[in-house]
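Enquirer: Structure below; questions to follow.
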Number of protein chains: 2
Amino acid sequence: MTTLETLQAAQAAKTTLALTDGAARKAALRAMAQALTAHEAQILAANRQDLDAARGQLSEVLLDRLALNADRLAGMAAGIMTVADLPDPVGARLDRVVRRNGLVIEKVAVPMGVIAVIYESRPNVTSDAAALALKAGSACVLRCGSEAWRSCNAITAALREGLKTVGLPESCIALVEDTGRNSAAALMTADGLVDLLIPRGGAGLIQACVQNATVPCIQTGTGICHVYVDAAADLKKALAIVENAKTSRPGVCNAEEVLLVHQKVAAAFLPALYKRLVEKRKKAGQTPVELRLDARAAELIPGTPAGEGDFDTEFLDYILAVAVVDSVDEAVAHIAAHSTHHSEAIVTEDRAAAARFTAAVDSAAVYVNASTRFTDGGEFGLGCEMGISTQKLHARGPIGPAELCSYKYIVYGSGQTR
Amino acid sequence: MTTLETLQAAQAAKTTLALTDGAARKAALRAMAQALTAHEAQILAANRQDLDAARGQLSEVLLDRLALNADRLAGMAAGIMTVADLPDPVGARLDRVVRRNGLVIEKVAVPMGVIAVIYESRPNVTSDAAALALKAGSACVLRCGSEAWRSCNAITAALREGLKTVGLPESCIALVEDTGRNSAAALMTADGLVDLLIPRGGAGLIQACVQNATVPCIQTGTGICHVYVDAAADLKKALAIVENAKTSRPGVCNAEEVLLVHQKVAAAFLPALYKRLVEKRKKAGQTPVELRLDARAAELIPGTPAGEGDFDTEFLDYILAVAVVDSVDEAVAHIAAHSTHHSEAIVTEDRAAAARFTAAVDSAAVYVNASTRFTDGGEFGLGCEMGISTQKLHARGPIGPAELCSYKYIVYGSGQTR
């Protein structure tokens, strides 16, 4: 099938799906989870083929992202079950007004229709994305990277098997056969066939969508996340938050990349930070954090002098850029100039400083006295997510089932004319 | 000022605006309305210059759109006052969860930042758009058609005067000086400077935005609106609704362009329709409606045979395409194939038919027994609107102050790490 034929089949399935109720969609999700477990052998065999072909071509980190095993597969099935049990977002009455002329205007959540997802080498995105789309009443067209195609295809086959057992069209979930650039371009410009496109991948893919997509698109962005340690910070909390935000998983988008410290506490805080992130971690056999320091921080602790680009880089590594600032407003201005509007935190015991920071910082998630690492669908209570949106239209932050719906107005009259 | 300089000034003003409260924004709107009234003479003089320059170049309809007078200006000032009195959308707490680890996650409505609006020759869009943006806490950069520039510039000067009296930066509202194609292109691609772009104009402008905009954009669409007269319709209601939807204002996007009639009632309904829309209107000295009939309708009443394009045309005129269908599902399928997803109506006394139609039709507004003409911010109770969205992301239907906001998550912790 060509990519357009796959989309046309999904479009044909979407009306059937739009007329199902929440109970039917829940049953379909349970059947999908069961089918995934039942197809374990086929899926792991396909994954071994992908891994054999990729060895020597991909880094160890990427091979690990690609790899499946019985545990990971069980986790994927459990994820689908979690989504099955979430509240049904479709049909929710968002608003209702009765006008003086007797018209009853209801604003009701409705499915998007066909959601296309472009992703890379993580096979679990296949089932996460398909489950979230189905929960939201939409058909899902998936396009993975070529290195993961056999794995994703085996997963898709299992999910479709599950759909069949409950009598829903298999074409509600489809994997695009072509993994070349053409298929990504076809999805981006399939006006009228793609109701929503979600690129889930690196900055290059996002930028290609911004430049080329003519279909509606939600961008999931990169994260240059900041932690600001205020003059009124509890320095013990600050130390724990900075270490956690930087080192608990440095390769993810909600990890901290930049630390801003108020000059009043810099002389006390920065030496403690150096001990904790460099010396203590070395002693414990953990990777120490490379500190890239602006001039004022460099007067207080050892580290690499920060280059100009260091405050605009998503390191995704054990590297932290550090600057000293004179006020909350200077921290806010620094963040406005350098952030990707993902997640930022202030550590302070001063309510006024916290209020000013949360009001003025224009990011998807703004934290007071907590780690930026919490920006995540699971941590926000959404079960899972389709990505983290750093845009302001439609969805911002974690994208769950509700964010994958649109709405329409249904107006009940008795012959009203205008 | 170049267009980019205008945008940069608006960006500089947006933080000031984001830190105002609802009372300050309300006071600003009242001052803007007063200043508009106070500057009546200057605005009408500028408008006369625009009209003098346009005479002979523009059609009478377009000249009428461009023309201002004391009444219209008073209407614009009253519109700003209405917006001032709407509920404040900014800061509304949209959701709140307390997680087991003690994190308090609030989802709060926040301003977009800088909203750019590209429009054509109607000077009143200047004050409507500026008022709605300001209500929503955003700065507004306006780009009108060259034929309206003097009028829009005089209006903008008055609104800025109003802002000054309450101490807000004048650059919260700005008119782009360049009215050439370059300035529209500059707004569409000013990544990081335009938080939201709204094209308010014809299909050509919308299409240019879809193809070229890299900034976030809400498309306001055209309307090929359908009325379906069901087998179980009250034919008297149907007649009144069809006449109203077609003739009360044929040049607007929520006017009916296509009539679908169930075959069971076609023989009774279509002759009555012909009498009402053609014969009766002729007798009353009103413009009769030209009926473009499919083969089955043509067997029942006189009219023009419908060409293939007639069911895909936004006539914006006293023309109505008419087809006979065999079922609700055939009506739904026709609408799916030909509608622009703006507004569609079913006329029926059968609840099951109404429920199937409202569930299956994927348009911004779906009516039961009422005219499509009600799809309008004022009629929906929003005061006024920035346009009618026919897209599914973010805003669908009338765009009011709430739809001009985004949201962010504010997370309150006590040192939580992950």
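Enquirer: Can you tell me which residue among A:Arg143, A:Arg122, A:Arg55 is surrounded by fewer than 17 Cβ atoms within 10 Å (Cβ to Cβ), over 21 Å from A:Lys164 (Cα atoms) and basic (Lys, Arg)?
Expert: Only one candidate qualifies: A:Arg55.
Enquirer: When only residues in region A:333-390 that are part of a helix (DSSP H, G or I) and under 15 Å from A:Glu257 (Cβ atoms) count, which is nearest to the other protein chains (Cβ to nearest Cβ)?
Expert: Looking at the filtered set, the residue picked out is A:Arg373.
Enquirer: Working only within region B:134-170, note down all residues that are farther than 26 Å from B:Leu63 by Cβ and under 25 Å from the mean Cα position of the chain (by Cα). Lay out the reasoning, then the answer.
Expert: Taking region B:134-170 as the starting set, the residues that turn out to be farther than 26 Å from B:Leu63 by Cβ are B:134-141, B:160-170.
Across region B:134-170, the qualifying residues are B:Leu134, B:Lys135, B:Ala136, B:Gly137, B:Ser138, B:Ala139, B:Cys140, B:Val141, B:Arg160.
Enquirer: Right, here's the next one. What are the residue pairs meeting all of these: first residue in region B:201-230, first residue among the acidic types (Asp, Glu), second residue buried (at least 21 other Cβ atoms within 10 Å of the Cβ) and not in a strand (DSSP E or B), Cβ atoms under 6 Å, and 6 or more apart or on different chains?
Expert: Partner pairs satisfying both residue conditions: B:Asp230/B:Thr348; B:Asp230/B:Ala353.
Enquirer: Among the residues of region A:207-230, count how many are in a helix (DSSP H, G or I) and β-branched (Val, Ile, Thr).
Expert: Within region A:207-230, residues that are in a helix (DSSP H, G or I) and β-branched (Val, Ile, Thr) number 1.
Enquirer: Can you tell me which of (1) surrounded by 24 or more Cβ atoms within 10 Å (Cβ to Cβ); (2) out of contact with any Cys (no Cβ under 6 Å at 6 or more places or on another chain) is the one A:Ala157 doesn't meet?
Expert: (1)
Enquirer: Within 30 Å of A:Gly202 (Cα to Cα) and at pLDDT below 95: does that describe A:Leu316?
Expert: It is true that A:Leu316 is within 30 Å of A:Gly202 (Cα to Cα) and at pLDDT below 95.
Enquirer: Check A:Ser406, A:Ser343, A:Ser389 and return the single one that is touching a Gly at 6+ places or on another chain (Cβ under 8 Å) and within 28 Å of A:Gly91 (Cβ to Cβ).
Expert: Working: A:Ser406 fails: touching a Gly at 6+ places or on another chain (Cβ under 8 Å); A:Ser343 fails: within 28 Å of A:Gly91 (Cβ to Cβ).
Only one candidate qualifies: A:Ser389.
Enquirer: Scan region B:399-418 residue by residue and report those that are within 15 Å of B:Lys107 (Cα to Cα), hydrophobic (A, V, I, L, M, F, W, C) and buried (at least 21 other Cβ atoms within 10 Å of the Cβ).
Expert: Passing the criteria: B:Cys405, B:Ile410, B:Val411.
Enquirer: Return the residue satisfying two criteria in turn: it lies in region B:168-182 and is within 21 Å of B:Gly137 (Cβ to Cβ) and out of contact with any strand residue (DSSP E or B) (no Cβ under 9 Å at 6 or more places or on another chain), and of such residues it is surrounded by the fewest Cβ atoms within 10 Å (Cβ to Cβ).
Expert: Going through the qualifying residues, I end up with B:Glu170.
Enquirer: Let me ask another. Spot the failing condition for A:Ala184; the list is (1) under 22 Å from the mean Cα position of the chain (by Cα); (2) free of Cβ contacts under 8 Å to residues at least 12 places away in the same chain, and only one is missed.
Expert: (2)
Enquirer: Also: Conditions first: (1) crowded, with 22+ Cβ neighbours inside 10 Å; (2) facing chain B (nearest Cβ under 7 Å); (3) in contact (Cβ under 8 Å) with a residue 60 or more places away in the chain. A:Arg396 passes all but one, so which condition is the exception?
Expert: With (1) crowded, with 22+ Cβ neighbours inside 10 Å; (2) facing chain B (nearest Cβ under 7 Å); (3) in contact (Cβ under 8 Å) with a residue 60 or more places away in the chain applied to A:Arg396, the lone miss is (3).
Enquirer: Please count how many residues of region B:357-385 are among the aliphatic types (A, V, I, L, M) and touching a Pro at 6+ places or on another chain (Cβ under 6 Å).
Expert: 1
Enquirer: Continuing with this model, one more query. Does at least one position in region B:231-242 carry a residue that is within 14 Å of chain A (Cβ to nearest Cβ), part of a loop (DSSP other than H, G, I, E, B), surrounded by fewer than 23 Cβ atoms within 10 Å (Cβ to Cβ) and out of contact with any helix residue (DSSP H, G or I) (no Cβ under 9 Å at 6 or more places or on another chain)?
Expert: Within region B:231-242, one or more residues are within 14 Å of chain A (Cβ to nearest Cβ), part of a loop (DSSP other than H, G, I, E, B), surrounded by fewer than 23 Cβ atoms within 10 Å (Cβ to Cβ) and out of contact with any helix residue (DSSP H, G or I) (no Cβ under 9 Å at 6 or more places or on another chain).
Here's the yes/no breakdown for (1) hydrophobic (A, V, I, L, M, F, W, C); (2) more than 14 Å from chain B (Cβ to nearest Cβ); (3) in contact (Cβ under 8 Å) with a residue 60 or more places away in the chain; (4) buried (at least 17 other Cβ atoms within 10 Å of the Cβ):
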position: A:Gln8; (1), (2), (3), (4): no, no, yes, no
position: A:Ala13; (1), (2), (3), (4): yes, no, yes, yes
position: A:Arg25; (1), (2), (3), (4): no, yes, yes, yes
position: A:His39; (1), (2), (3), (4): no, yes, yes, yes
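Enquirer: Go through region B:187-206 and count every residue that is part of a helix (DSSP H, G or I) and modelled with pLDDT under 95.
Expert: The total comes to 4.
Enquirer: Then there is this: Just checking, which of B:Gly192, B:Gly221 is on the phi > 0 side of the Ramachandran plot and within 14 Å of chain A (Cβ to nearest Cβ)?
Expert: One residue alone meets the criteria, B:Gly192.
The values are calculated or read from the model by the stated rules, or taken from the named source; none is laboratory data. Worth saying up front: this structure is predicted, and the values here are computed from it rather than measured. As a convention, Cβ positions derive from the backbone with ideal geometry for all residues, glycine included, and neighbour counts pool all protein chains shown.
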